[in-house]
Amino acid sequence: MSKELLCAIMLIIFFGVMVYVGFYSRKHAKDVNGFVLGGRGVGPWLTAFAFGTSYFSAVIFVGYAGQFGWNFGLASTWAGLGNAFIGSLLAWNVLGRRTRVMTQHLDAKTMPDFFGKRFESVPLKVAASVIVFIFLIPYTASLYNGLSSLFGLVFDIPYWIVIVVMAVLTGVYVIFGGYMATAINDFIQGIIMLFGICAVIGAVLMDNGGLLNATRTLASVTGDAGWQGAYTAFLGPDPLALLFVVILTSLGTWGLPQMVGKFYAIKSEKDIHKGTVISTIFAIIVAGGCYFLGGFGRLYADRVVINEMTGKPLFDTIIPTMLSTLPSIVIAVVIVLVLSASMSTLSSLVLTSSSTFTLDVIRPASKKKIPDEQLVSTMRLFIVFFIIVSAVIAIFKDAHPEVTFIAQMMGVSWGALAGAFLAPFLYGLYWKGISKTSVAVCFVWGCAVAVLQLVITLTGTDVSGWGTVLSYIFKSSINSGVVAMVGGLIIVPIISVFTGKQDKKVLENMFSCYSEKITITKKTSLQE
C-alpha cells in the first residue's frame, strides 16, 4: 500500500470519528453550563486527557521539540519533565480542587468571570476578556505551524487546504458538542498521541542504530556549543536558558484560561486524585518523549533546511526531516498524531475564546437577560468567527513570511496571558488579602512586558546596552515571558499590602466554600 493511500485512509477514519463524537455529544450542549463545562460532570480520564492534549499541540511536537532539541540536545528532556511535574502534577495539586470548589461557589464559568466575581469588579472582568481576545487569537493561529512540512512528506497539496480542513472539522465537533465533544475527542486524540510518540521515538532510534549508538554519535557533535558532549550533557550547553524554557512552558500553564478551565468541570474529589496521576503520566510520555526525540535533531544537521538570513535551521523542519526516512506506517501515525495534538488544542482555545467573549462581554453589555439557548447560539457563532480568523492569520503568515508581526505576536502571547493572569488567579484562590488594584496592575504588567518584547523584536532594537540583566530579559520572548510571570507573583502581594481590601464579610462568604463540612468514608480518609 502506498504511503499516500495509507495516510489518506487513516485520516478519513480519524476525521469520521471526530465528527461522530460531535453529533453524539449534542445532548450535553443544550444550555450554557453543558456547552461550556459539560455540566461540571466530566470524569477523571476525560478531564486529564483534555488537560494534556490542550497543553501539547503541534507547536510542541514540531516547533519546540525541534528548536529546543537543537539548542540543548538531550537536556531538552528537562522541559518535558518540567511540563509533567510542574505544569501537570503541581498544577493539579495546587489549583485543581480549589478552582473547582470556588468557581462553583461563585458560579464562575470562565477565568474573566472568576476575576469579576472574586474581586467584585466588572472592569476587571472586561479587561481580562479583552486580554484573552487579543492574545489568544494569535496563539490559536500558531497551532497550524509545522503542519505544512509534515504533510509535505506525503501529500503534494497546498498548505491552505490543510488549514481549512483542520479548521472546518474542528469547528464541526465543537459547535455541535461543546465541551463534552471536546473532552471525548481529546481522550481519543490523547490515546493516539501516547502510542504515536512511542512509535516515532522507537523508529528514529532504530534508524540511528539504537539508543546507545545514537547517543554516542550525538556526543561527538560539537555544534554551536563549541565542545564535544554538549548535547548529551546532563544540563546541556546553556543551563540558564534551559531553566527559562522549563519555567515558561511549565509554570505558564497555571495562568492560561484554556488550561485552568479544565478544573472547572471536574466531577468529584476522587476524580481529582485520578486526574492528577493520569495527567502527569500523560505529560511524562508525550512531553518528555517529544523533547527527548528533538534532542537527536543534530544527527540530521546535514539535511535540515537552513535559514539563509540567520544561518540557523528552520526549526519547524527539523522533526519532519528526522521522520522523512521512516516507514510509511510511522509517517502516517505521525501525521495523525500531530493533527490530534493540534485539533485538541484548537478546540480548547476557540471554546475558551467564544465562551469568554459571550459570557463576559456580550451578556453584561445587554440590558435584557439573554436566554441560555441564545447564549449558546452566540457562542457557536463566535467559535466560527475565531476559527476563521485564526485560519486566515495562519494562511496569510505562510503566504507573506516578510510580515514578521504575526509570528512575533504568536511568540509573546503565552507570556502575556500567563504574566497577566497567573498571580491574580493563584492568590485569588488562596489569599483573602489580595486587592483589586494589585490585580489591575498585574494585568498591565503582564501585557506591558509582552508588548515591549514585541516592539523590541519587530524594530530589531539592540538591547545589549541596556545592562546585563535587562539585555538578557529581552533577549527572547521566552525570557521576558518568565519575568512577566515571576514579576507578577512578586508585584501582587506587595501592592496588596498598601492598597484597599475587599469587605471582610464578603470575603468570608467567598472562602466559606472551603470550610464547608462534608461526610466521607473511611476508605477515603482515616479519621482520628
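The values are calculated or read from the model by the stated rules, or taken from the named source; none is laboratory data. What you see is a predicted model, and the numbers here were worked out from it, not measured in a lab. Cβ placement follows ideal geometry from the backbone for every residue including glycine, while neighbour counts extend to all protein chains displayed.
Among the residues of the range 1-59, which ones are buried (at least 18 other Cβ atoms within 10 Å of the Cβ), of a type in the set (A, V, I, L, M) and either closer than 27 Å to Trp414 by Cβ or free of Cβ contacts under 8 Å to residues at least 12 places away in the same chain (or both)? Residues satisfying the conditions are Met18, Val36, Leu37, Val42, Leu46, Ala48, Ala50, Ala58, Val59. Residues that are of a type in the set (A, V, I, L, M), surrounded by fewer than 22 Cβ atoms within 10 Å (Cβ to Cβ) and over 19 Å from Lys267 (Cα atoms) within the range 79-130 comprise Leu81, Ile86, Leu90, Val122, Leu124, Val126, Ala127, Val130, listed in sequence order.
Within the option set Gln502, Gln527, being closer than 25 Å to Arg100 by Cβ, modelled with pLDDT under 90 and surrounded by fewer than 16 Cβ atoms within 10 Å (Cβ to Cβ) holds for one residue only, Gln527. Only one entry in Val162, Val174, Val168, Val221 is closer than 29 Å to Ala416 by Cβ, in contact with a Phe, Trp or Tyr (Cβ under 6 Å, 6 or more places away or on another chain) and either aliphatic (A, V, I, L, M) or assigned to a helix (DSSP H, G or I) (or both), namely Val162. Among the residues making up the range 220-248, those that are within 30 Å of the chain's Cα centre (by Cα), more than 18 Å from Leu299 (Cβ to Cβ) and not β-branched (Val, Ile, Thr) are Phe234, Leu235, Asp238, Pro239, Leu240, Ala241, Leu242, Leu243, Phe244, Leu248.
For the range 268-304, the tally of residues that are out of contact with any strand residue (DSSP E or B) (no Cβ under 6 Å at 6 or more places or on another chain) and part of a loop (DSSP other than H, G, I, E, B) stands at 6. Pairs meeting the criteria (first residue in the range 175-196 and surrounded by 24 or more Cβ atoms within 10 Å (Cβ to Cβ), second residue not in a helix (DSSP H, G or I), beta carbons under 6 Å, at least 6 apart or on different chains) are Gly177/Ala29; Gly178/Ala29; Ala183/Val42. For the range 305-334, the set of residues classified as of a type in the set (Val, Ile, Thr), farther than 14 Å from Ile60 by Cα and assigned to a helix (DSSP H, G or I) consists of Thr321, Ile329, Val330, Ile331, Val333, listed by residue number. May I ask you to say which residue of Gly202, Gly210 is modelled with pLDDT of 85 or more, at negative phi, surrounded by fewer than 24 Cβ atoms within 10 Å (Cβ to Cβ) and of a type outside the set (A, V, I, L, M)? Exactly one residue qualifies, and that residue is Gly202.
Can you spot a residue in the range 255-262 that is touching a residue at least 12 places away in the same chain (Cβ under 8 Å), surrounded by fewer than 24 Cβ atoms within 10 Å (Cβ to Cβ) and assigned to a helix (DSSP H, G or I)? There is no residue in the range 255-262 that is touching a residue at least 12 places away in the same chain (Cβ under 8 Å), surrounded by fewer than 24 Cβ atoms within 10 Å (Cβ to Cβ) and assigned to a helix (DSSP H, G or I). Taking the numbered list (1) within 24 Å of Phe68 (Cα to Cα); (2) assigned to a helix (DSSP H, G or I) in turn, Lys475 passes all entries but (2).
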